[in-house]
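**Q** Attaching a single structure in structure tokens format; questions to follow.
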Amino acid sequence: MKTGMIATLAGLAVAGSASAGFVSFVVTSTALTHTGAGAQGSFIAYTLFARFDGATDTVLNAFNLGGVGGSSMTGFYHKDNASYNTSTLQSEFGTWNPSQTGAIANRAYDSYLVIGGLPTGTNTTNADPSWTSGGNADGRSWNRADLPNNGTLGWFNSNPPNIQGRVGQAGNTATDVRLGQFVVAGSDTAARSYTLTLGFNNGVAGSAVQFATSTFGWGVPTPGAVALLGLAGLAGRRRR
């Protein structure tokens, strides 16, 4: 497994006596081989995490996902339990809903989005309305294989008291919160870079929600992406 850190320190904000600090996005890559039903051959799973520096930092939502420098929003593979996919590895049909990933054997090959935790039936991550507005808008919401190219895509923990978006919880690490997985063909060597904003707090009841914007991706960045990566960490603190 390879690990790449893409983005620099984001601004810190203080709430009461404790602070929550977003550090960077972290992307790990895993090479896969698939021989079952559906697409066959080599694939790469890129798993996205958000790194924090507090022991109880908790992600609440993610939004404004968009491609940088013309990065593709297509070519993602899914192997999930949705009725329009039926556990077949393919890039034509699927869902980003983590509760539909299904069998453990499927998860390594499935593209999904989460606010922490594991992609299982009990994950309470939901798509926000941005999936049905703007570019490529239609009624499927996140029940689609691609990502609408509208620059506003978001997802959120619909039951934040379960603290699945907190560091140290199952599916996360002591410093990193899982945000999703993107599976592409092994032959897909094009560089990809995306921008994303997080809403989070320090995990203390009543603490203020903070926001940080940065970039993540894989491959060799395009010149335009390199320029933007140089600005990574200049986090926008916006209330949604």
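**Q** Within the stretch 128-150, take every residue that is hydrophobic (A, V, I, L, M, F, W, C) and buried (at least 19 other Cβ atoms within 10 Å of the Cβ) and give me the one that is farthest from VAL59 (Cα to Cα).
**A** Filtering the stretch 128-150 for residues that are hydrophobic (A, V, I, L, M, F, W, C) and buried (at least 19 other Cβ atoms within 10 Å of the Cβ), the one farthest from VAL59 (Cα to Cα) comes out as ALA145.
**Q** Limited to the stretch 185-238, what total is found for residues that are modelled with pLDDT of 95 or more, of a type in the set (Ser, Thr, Tyr) and closer than 20 Å to GLY66 by Cβ?
**A** 7
**Q** Could you say whether any residue in the stretch 69-80 is of a type in the set (S, T, N, Q), surrounded by 16 or more Cβ atoms within 10 Å (Cβ to Cβ), part of a loop (DSSP other than H, G, I, E, B) and out of contact with any strand residue (DSSP E or B) (no Cβ under 7 Å at 6 or more places or on another chain)?
**A** Scanning the stretch 69-80 turns up no residue that is of a type in the set (S, T, N, Q), surrounded by 16 or more Cβ atoms within 10 Å (Cβ to Cβ), part of a loop (DSSP other than H, G, I, E, B) and out of contact with any strand residue (DSSP E or B) (no Cβ under 7 Å at 6 or more places or on another chain).
**Q** Assess whether ASN172 counts as being under 22 Å from GLY217 (Cβ atoms) and modelled with pLDDT under 95.
**A** Taking the combined requirement at face value, the residue does not satisfy it.
**Q** Before we move on, is GLY139 at positive phi and more than 13 Å from the chain's Cα centre (by Cα)?
**A** Taking the combined requirement at face value, the residue does not satisfy it.
**Q** Can I ask one more? Please enumerate the residues belonging to the stretch 59-83 that are closer than 20 Å to THR125 by Cα and either of a type in the set (A, V, I, L, M) or over 15 Å from the mean Cα position of the chain (by Cα) (or both).
**A** VAL59, LEU60, ALA62, LEU65, LYS79, ASP80, ASN81, ALA82, SER83
**Q** Still on this structure, I have one more. Taking the residues in the stretch 171-218 that are in contact with a Gly (Cβ under 6 Å, 6 or more places away or on another chain) and among the charged types (D, E, K, R) as candidates, determine which candidate is farthest from ALA127 (Cα to Cα).
**A** Filtering the stretch 171-218 for residues that are in contact with a Gly (Cβ under 6 Å, 6 or more places away or on another chain) and among the charged types (D, E, K, R), the one farthest from ALA127 (Cα to Cα) comes out as ASP188.
**Q** Just checking, which of SER141, SER158 is more than 22 Å from VAL183 (Cβ to Cβ) and not acidic (Asp, Glu)?
**A** Being more than 22 Å from VAL183 (Cβ to Cβ) and not acidic (Asp, Glu) holds for just one of SER141, SER158, which is SER158.
The values are calculated or read from the model by the stated rules, or taken from the named source; none is laboratory data. Bear in mind that the values here come from a model prediction, so they are computed numbers and not experimental data. For neighbour counting, all protein chains shown are included, and Cβ atoms are generated from backbone atoms with ideal geometry for every residue, glycine included.
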